[in-house]
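The values are calculated or read from the model by the stated rules, or taken from the named source; none is laboratory data. Worth saying up front: this structure is predicted, and the values here are computed from it rather than measured. We place every Cβ from the backbone using ideal geometry, glycine too, and count neighbours over all the protein chains shown.
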Amino acid sequence: MSLYNPNIPQPGDRPSDSQTQILQNFQTLDTVFTVDHVAFSLGINPGKHKQVTFDTVHPAGAPAGTESVLYTKNVGGVPELFWRNSVAEKPISPGAGSLFAWCVWNGGLAGANPPINGFNVANVNRTGVGAYTINLTNPMVSGLAGAILVQGGGSHVGTENVASGPGFVSVQFRGSFSGTPLDVATGNFMILGS
């Protein structure tokens, strides 16, 4: 890859004299830009982020008003992701106490269905009366959640976590903690940790 040349064209240059260097600059910018972004030349979602890459740990800026920033901070010798606005700084890296996934789903639908709303949940599969498997979009790194919170709406029910693995959590709703299996009108689910 050619290096970007910020010194062209010079005030006295004719654009045709710098055409090769200007073309190299555009090619360099396109190569660097597409590391974290969708290329402008693709035509579909050009310029949108694919990811955010931090080269190293840098001090956070000082956002004002409604501005906010993402940055990495050294925590125990490891870069961790943080968010800051003009009021506070908060870690957003996955870990104990961090929200890993959540969703609300229609408990009466059979089969695998997308959640009504949520984050990091691909679908919820009703596998039997009051039995649901919540399938994650991105699996948990450890396969062990710090806490799994499930609540059924529409009636007062008890729940039990039947099983969990890196990519799923299975739950059973009952009329009470030891009662008969029971479907719920809506289910609410949240994983804390990773």
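Per-structure values
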quantity: Total residues in the range 76-119, condition in a strand (DSSP E or B), at pLDDT 80 or above and loosely packed, with under 12 Cβ neighbours inside 10 Å; calculated: 2
quantity: Residues being surrounded by 12 or more Cβ atoms within 10 Å (Cβ to Cβ), assigned to a helix (DSSP H, G or I) and touching a helix residue (DSSP H, G or I) at 6+ places or on another chain (Cβ under 9 Å) - total across the range 26-41; calculated: 3
quantity: Check on residue 16, modelled with pLDDT under 80 and among the polar types (S, T, N, Q); calculated: no
